[in-house]
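This report refers to the structure that appears directly beneath it.
The values are calculated or read from the model by the stated rules, or taken from the named source; none is laboratory data. This one's a predicted model, so the numbers in the text were calculated from it and none came from an experiment. Counting neighbours? That spans all protein chains shown, and the Cβs are built from the backbone with ideal geometry, glycine included. Only protein heavy atoms, including side chains, enter the accessible area calculation; ligands, DNA and RNA are left aside. Shrake-Rupley method; radii C 1.70, N 1.55, O 1.52, S 1.80 Å.
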Amino acid sequence: MTAVHDSSVHDPAVLASPYQRSVADYWNAERNPVNLRLGEVDGIYHHHYGVGDVDRSVLQSPPEVREAQVIRELHRLECAQTDLLLDHLGVLGPADRVMDAGCGRGGSSLVAASRFGCQVDGISISQAQVDFATEQARLRGVSDQVRFHLRNMLGTGFPAGAFQGIWNNESTMYVELGALFAEHARLLRRGGRYVCITGCYNDAYGLPSRAVSQINAHYICDIHPRSTYFKEMAAHRLVPVGVVDLTAATIPYWRLRAESSLATGIESTFLDAYTGGSFQYLLIAADRV
Ligand code: GPP
Ligand code: MG
């Protein structure tokens, strides 16, 4: 955990505010078994949650294999979430270039490269994540196809129109959406596709519930209301083409995670937020027009 408060990981060209530096500190120090042990299953390290029906029989496995089976099942659900996001990116091939905004340890980027054969740039404000993801690409022999960079998604430095696709997989809650979508609209070529999966608070519930506020405190993030996504997309030439409410599909993942040895303590808060109606897990796909 020596990276915390280490000024060498605070590149001022990338980290524009004390808030962004505190977020980088969190991710530079993060070593949660729920992320590392799942990633060890097949070398695809995710930083998002899972979707789909759970095989709860894993909880009844013999004690000596139970933990490994629960880990495999949680990882399968997180991989299913990535596949669902990539299903909405449209038709892509080797001539295309896509950007993973807030790439974490690189899991979604590596899956996209293998699925589409396209060029992928993953960006993060955490040097530890960039280094980790770069090593995974090297181990897979795809360093020429998938590159990870220490860059800020609000000002990437990539040329205008460079990308056919961009996604945020659970990373929009760390930035102001107006600034984010302005940069995405600049980077996407006309006809390009944007996809995000996010947790947002439900305008129909009101303002953020206690559970939503606790999630913000846990991750040092700022969960946006659902309405702001559509308002800021409309303001930045991003026209929604698909919206999927994944709330019901993610609850089984959280129930299994709550019963696993890898629980981090935030599980009951997510379950309260989702089941109480104050919080929604949403996929939004949009065309850059
Ligand atoms: C997933 O990362 C969580 C986030 C990126 C932030 C908050 C997301 C929301 C939808 C509110 P992770 O996989 O590192 O989290 P954990 O360690 O809890 O699995
Ligand atoms: Mg995780």
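Can you say whether residue 176 is charged (D, E, K, R) and in contact with a strand residue (DSSP E or B) (Cβ under 7 Å, 6 or more places away or on another chain), as far as the supplied structure shows? In short, no.
Each residue in segment 209-225 was checked for being within 17 Å of the chain's Cα centre (by Cα) and open to solvent by 70 Å² or more (accessible area, probe 1.4 Å), and 1 of them qualify. Consider residue 229 carefully, then state whether it is open to solvent by 20 Å² or more (accessible area, probe 1.4 Å) and either at pLDDT 95 or above or over 22 Å from residue 244 (Cα atoms) (or both). Considered against the rule, which asks whether it is open to solvent by 20 Å² or more (accessible area, probe 1.4 Å) and either at pLDDT 95 or above or over 22 Å from residue 244 (Cα atoms) (or both), residue 229 comes out as no. Of the listed requirements (1) of a type outside the set (A, V, I, L, M); (2) open to solvent by less than 20 Å² (accessible area, probe 1.4 Å); (3) not in a helix (DSSP H, G or I), residue 90 misses just one: (2). Among the residues here, residue 59 does not qualify as assigned to a loop (DSSP other than H, G, I, E, B), more than 16 Å from ligand 2 (Cβ to nearest atom) and more than 17 Å from the chain's Cα centre (by Cα). Only one of the listed residues (128, 112, 133) is surrounded by 17 or more Cβ atoms within 10 Å (Cβ to Cβ), modelled with pLDDT of 95 or more and over 24 Å from residue 76 (Cα atoms). That residue is 128. Residues that are assigned to a strand (DSSP E or B), surrounded by fewer than 18 Cβ atoms within 10 Å (Cβ to Cβ), away from ligand 1 (no atom under 15 Å from the Cβ) and among the hydrophobic types (A, V, I, L, M, F, W, C) are absent from segment 176-189 altogether. As a summary of the residue check, residue 211 satisfies the conditions (1) part of a strand (DSSP E or B); (2) under 21 Å from residue 273 (Cα atoms); (3) among the small types (Gly, Ala, Ser) except for the one numbered (1). Tell me, please, whether a residue that is away from ligand 2 (no atom under 16 Å from the Cβ) and over 19 Å from residue 169 (Cα atoms) can be found in segment 95-107. Within segment 95-107, one or more residues are away from ligand 2 (no atom under 16 Å from the Cβ) and over 19 Å from residue 169 (Cα atoms). Against the condition assigned to a loop (DSSP other than H, G, I, E, B), open to solvent by 70 Å² or more (accessible area, probe 1.4 Å), within 16 Å of ligand 1 (Cβ to nearest atom) and out of contact with any helix residue (DSSP H, G or I) (no Cβ under 7 Å at 6 or more places or on another chain), how does residue 76 come out, does it pass? So residue 76 fails the test.
Quick test for you: out of 90, 39, pick the one residue that is in contact with a Phe, Trp or Tyr (Cβ under 7 Å, 6 or more places away or on another chain) and within 24 Å of residue 114 (Cβ to Cβ). Answer to the check: 39. If the condition is being polar (S, T, N, Q) and either in contact with a Lys or Arg (Cβ under 8 Å, 6 or more places away or on another chain) or open to solvent by 10 Å² or more (accessible area, probe 1.4 Å) (or both), then segment 190-208 contributes only 202. Restricting attention to segment 15-53, the residues being more than 14 Å from ligand 1 (Cβ to nearest atom), out of contact with any Lys or Arg (no Cβ under 7 Å at 6 or more places or on another chain) and of a type in the set (A, V, I, L, M) number 1.
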